[in-house]
Every structure is written in C-alpha cells, then in structure tokens.
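Before any comments, here is the structure.
The values are calculated or read from the model by the stated rules, or taken from the named source; none is laboratory data. Keep in mind the model is a prediction, meaning the values are calculated, not measured. Cβ: placed from backbone, ideal geometry, glycine included. Neighbour counts: every protein chain shown.
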Amino acid sequence: MNVPQKSRRRLAQAALGGALVAMILAAMVGSAGAAPRFAFNARGNVLVADQFNNRVIELSRAGDVVWHFGTGSPVAGPHSVVAPNDAQRVPGNRTLIAGTGAPAGAPGYPAGGAVDSRVLLVNRAGKIVWQYGKAGVNGTGFNRLNTPVQATWLPNHDVLITDQGNDRVIVVTPAHKIVFQYGQTGVAGSGPDQLNTPNSAELLANGHILIADEGGNRVIEVTKAKKIVWSDGTGLNAPAFASRLSNGHTLITDGGNNRVIEVNSVGKVLWFYTTDTQPGSNANPAPSQAVRLPNGDTLIADQFNDRVMQVTRAKNIRWSYGALNVPGKAAGLLNAPYSAKVIGDFTGLTPPK
C-alpha cells in the first residue's frame with residue numbers, strides 16, 4: 001500500500017519518536033548528507049519546473065511547497081514565467097530558470113501558444129537579478145532567444161543555454177556576450193556544426209558538451225572545437241535529456257519511446273525504465289528529464305503523467321509527487337512537469353562552484 005508521505009511521518013513519529021523518524025526520512029531521500037529540514041534550500045528537497053502551471057516549485061520530501069516562482073500567468077513578466085522547462089538551484093540561494101513558453105495547442109494557452117524566451121536568474125525573494133532574452137519576444141540577435149528549453153550554471157558563472165527554436169547551444173557571459181556556439185542559428189540539420197531542435201546540453205568534466213539533439217534523434221558529445229567525439233542514435237526517439245554518469249555511461253531520457261535508458265560507450269542499453277506501462281498511465285507520457293542520484297536511484301520528470309518520481313535500480317518507485325495522469329495545481333498535483341533536480345545533488349550535471 002502506498003501510504004502518503006505525511007501520514008507515514010505521523011505514524012512513524014507516534015510509534016518510534018523523532019530520532020528514528022529522521023533516520024527513515026534520510027533513507028527516503030537516498031542522497032548523501034543529513035535528512036531534509038523542510039525549509040528553503042534544504043538538502044534533499046526537489047526543485048520542479050511545473051511547466052503548464054507556469055511556475056517553479058521547491059518541494060520537501062513530505063510534499064510541502066517551500067518556495068515557488070511564477071504567478072501562474074501565461075504572460076511573461078517580472079514575476080511570471082511561461083511554461084518553464086528547466087530549473088536549477090545555484091550559489092547564493094538563486095534559481096536559474098528556462099522560461100521556454102508554450103507551443104501552439106498547449107492546454108490553457110491561446111491557440112497559437114505563449115512566448116517567454118528568457119533565461120532567468122531569480123533570488124529567494126522572487127526578484128529577477130539577471131536574464132538573457134526579452135520577455136515575450138523570440139529572436140536571434142543580441143540578447144535574444146527562441147524557445148530556450150534548458151540552462152546550466154557553469155563554474156565560471158557563464159550560462160550554457162539550449163536555444164531550441166534557434167537550433168543551437170550557446171554559452172553566454174553575465175555581460176550577455178556569446179562566447180561559444182554549437183549549431184548554426186536557425187538551420188536545422190545533422191551535418192557539421194548543426195542541430196535539430198536540441199533539448200539539453202551539459203558541460204562534462206573533460207570540457208566537452210553533451211547534447212540531447214531531440215529532433216535529430218541522437219545524443220552527441222562535442223568538443224569546444226566543434227568536433228563530435230561520441231554519438232548515440234540507435235533506437236532513440238526525441239531524446240529530451242542526457243547526462244554523463246560517473247561510471248562513464250550516459251543516462252538518456254528517451255521521451256518519444258517513453259523510457260529512461262542507461263547506455264555504455266558503444267550505445268548498449270544496460271538499464272531502462274518505461275513510464276507508460278502502469279495502469280492509468282498516459283498513453284504517451286514523454287518523460288522529459290532523468291537524473292541519477294548518488295544512491296543509484298533515478299529522479300524522473302514524467303511529463304504527461306503529471307508526476308515526478310524517484311525510481312530504484314530494481315524499478316520500484318521510492319518517492320513521488322503528483323497524481324498519475326491527473327494534471328492540476330492544487331496541493332499534491334502538477335501539470336506536465338518538465339524537469340526535477342534534488343537540492344544539493346548535481347550528479348550528472350555541472351557542479352556549482
């Protein structure tokens with residue numbers, strides 16, 4: 001029986017006392033360090049880009065929303081974000097957010113969709129302290145983006161942006177200067193220095209960049225000299241996210257195939273988890289992000305199943321938030337969550353410095 005987290009805490013506390021409860025919660029989190037304190041930026045909390053609710057929320061493992069950004073408005077502004085696809089907590093208690101915008105036909109938006117096209121750096125109070133891109137404007141020139149789907153904070157405080165609508169991945173400085181670009185702006189393709197609606201990019205320890213090239217049905221590793229040194233496209237369908245694991249394998253969110261896979265250097269699938277087989281599941285949930293945790297579990301944003309879940313190596317759900325295939329904004333519900341990351345755990349991502 002799946003006992004709600006709050007009920008589990010109350011039962012355990014009544015029977016065993018506070019000290020043992022802390023041990024149980026630490027086991028639930030599965031990450032290194034102390035148990036969560038159910039407060040802002042507590043280690044083990046989960047940061048979620050709650051896409052069609054137009055917000056980013058930070059959840060405690062008890063299911064409490066301890067922080068949020070976004071008024072819910074479908075219009076981009078100083079306190080709102082439209083259909084965010086990615087969020088990451090960075091130094092200084094700030095949050096880096098990709099204000100992606102909603103495509104045509106998305107539920108709850110005008111028929112033609114809604115534009116945001118910004119990457120935002122937001123402080124704890126919800127104030128935008130830096131941004132790249134102009135609210136509600138798509139573009140290709142200086143300080144312009146077109147449907148940015150992911151942003152990663154780099155150790156030197158530059159920002160790596162996956163600018164999907166412009167078919168490129170760029171690195172921008174705090175002064176808004178582009179210092180690296182892979183992909184020709186507005187040119188979709190699979191040739192040299194070309195991408196096709198990329199969906200994520202991560203800086204690797206060797207200085208290369210790992211890109212999930214969604215429209216190209218491939219994941220590639222490129223050097224700063226723009227040479228492809230690794231590629232996997234066998235059987236992939238619209239890969240939404242990729243990260244390199246400490247064992248050298250690559251974790252891929254294979255959205256079009258409704259699965260998360262771990263592959264080795266020659267593309268052999270060593271582990272997988274499908275998200276469309278549970279009774280009541282959406283027929284095409286299109287999971288959008290998966291991150292491997294230090295204990296071997298995998299945190300998955302199961303997009304159109306409207307949930308975030310932590311799955312064990314044995315494929316059991318250890319923790320989840322959101323009702324299966326039930327979109328909503330009330331307590332306990334999400335609406336097409338696109339990304340999820342654990343506070344204090346950047347496994348597979350660029351560590352904050």
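The criterion of at least 1 residues that are among the polar types (S, T, N, Q), under 30 Å from SER246 (Cβ atoms) and in the same structural domain as GLY101 (by TED's automatic domain parsing) is met by the following strands (runs of 3 or more DSSP E) wholly inside region 116-204: 148-153, 159-163, 178-182, 200-203.
Could you list all residues from region 124-144 that are of a type in the set (Phe, Trp, Tyr) and within 22 Å of the chain's Cα centre (by Cα)?
Hits for region 124-144 are TRP130, TYR132.
With respect to (1) without any contact (Cβ under 8 Å) to a residue 12 or more places away in the chain; (2) in contact with a Pro (Cβ under 7 Å, 6 or more places away or on another chain), the lone exception for ALA301 is condition (1). When ALA330 is tested against the conditions (1) in contact (Cβ under 8 Å) with a residue 60 or more places away in the chain; (2) in a loop (DSSP other than H, G, I, E, B), the lone failure is (1). Considering the conditions (1) assigned to a loop (DSSP other than H, G, I, E, B); (2) surrounded by fewer than 22 Cβ atoms within 10 Å (Cβ to Cβ); (3) within 21 Å of the chain's Cα centre (by Cα), PRO285 is excluded by exactly one of them, (2). GLY248 falls short on exactly one of the conditions (1) under 22 Å from GLY296 (Cβ atoms); (2) in a loop (DSSP other than H, G, I, E, B); (3) at pLDDT 95 or above, and that condition is (3). Of the conditions (1) at pLDDT below 95; (2) hydroxyl-bearing (Ser, Thr, Tyr); (3) closer than 17 Å to PRO287 by Cβ, SER200 satisfies every one except a single condition; which number is it? Of the numbered conditions (1) at pLDDT below 95; (2) hydroxyl-bearing (Ser, Thr, Tyr); (3) closer than 17 Å to PRO287 by Cβ, the odd one out for SER200 is (1). Screening TRP153 against (1) in contact with a strand residue (DSSP E or B) (Cβ under 6 Å, 6 or more places away or on another chain); (2) at pLDDT 95 or above leaves a single unmet condition, (2). Answer yes or no as to whether GLY133 is at pLDDT 95 or above, under 23 Å from ASN305 (Cα atoms), crowded, with 24+ Cβ neighbours inside 10 Å and not β-branched (Val, Ile, Thr). Considered against the rule, which asks whether it is at pLDDT 95 or above, under 23 Å from ASN305 (Cα atoms), crowded, with 24+ Cβ neighbours inside 10 Å and not β-branched (Val, Ile, Thr), GLY133 comes out as no. State whether one or more residues within region 259-273 are assigned to a loop (DSSP other than H, G, I, E, B) and crowded, with 18+ Cβ neighbours inside 10 Å. Looking for residues that are assigned to a loop (DSSP other than H, G, I, E, B) and crowded, with 18+ Cβ neighbours inside 10 Å, one finds none in region 259-273, hence no. Of GLN150, GLN181, all but one fail to be farther than 28 Å from ILE57 by Cβ and in contact with an Asp or Glu (Cβ under 9 Å, 6 or more places away or on another chain); the exception is GLN181.
Listed here are the residues, each with its yes/no results for (1) modelled with pLDDT of 95 or more; (2) outside the structural domain of PRO155 (by TED's automatic domain parsing); (3) closer than 22 Å to GLY255 by Cα; (4) surrounded by 18 or more Cβ atoms within 10 Å (Cβ to Cβ).
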residue	(1), (2), (3), (4)
THR312	yes, no, yes, no
ALA323	yes, no, yes, no
ASN335	yes, no, yes, yes
GLY348	no, yes, yes, yes
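In region 268-276, the condition of being in the same structural domain as VAL171 (by TED's automatic domain parsing), within 23 Å of ASN206 (Cβ to Cβ) and modelled with pLDDT under 95 is met by no residue.
Hey, among GLY216, GLY233, GLY191, which residue is over 30 Å from HIS79 (Cβ atoms) and without any contact (Cβ under 8 Å) to a residue 12 or more places away in the chain? None of the other options fit; the residue is GLY191. Among the candidates GLY296, GLY216, the residue that is out of contact with any Pro (no Cβ under 6 Å at 6 or more places or on another chain) and either surrounded by fewer than 17 Cβ atoms within 10 Å (Cβ to Cβ) or under 30 Å from TRP319 (Cα atoms) (or both) is uniquely GLY296. Return the only residue of GLY63, GLY77 being farther than 20 Å from ARG124 by Cβ, of a type in the set (Gly, Ala, Ser) and surrounded by fewer than 24 Cβ atoms within 10 Å (Cβ to Cβ). GLY63 is the lone residue from the list that is farther than 20 Å from ARG124 by Cβ, of a type in the set (Gly, Ala, Ser) and surrounded by fewer than 24 Cβ atoms within 10 Å (Cβ to Cβ). All conditions in (1) at pLDDT 95 or above; (2) surrounded by fewer than 22 Cβ atoms within 10 Å (Cβ to Cβ); (3) in contact with a Phe, Trp or Tyr (Cβ under 9 Å, 6 or more places away or on another chain) hold for HIS68, with the sole exception of (3).
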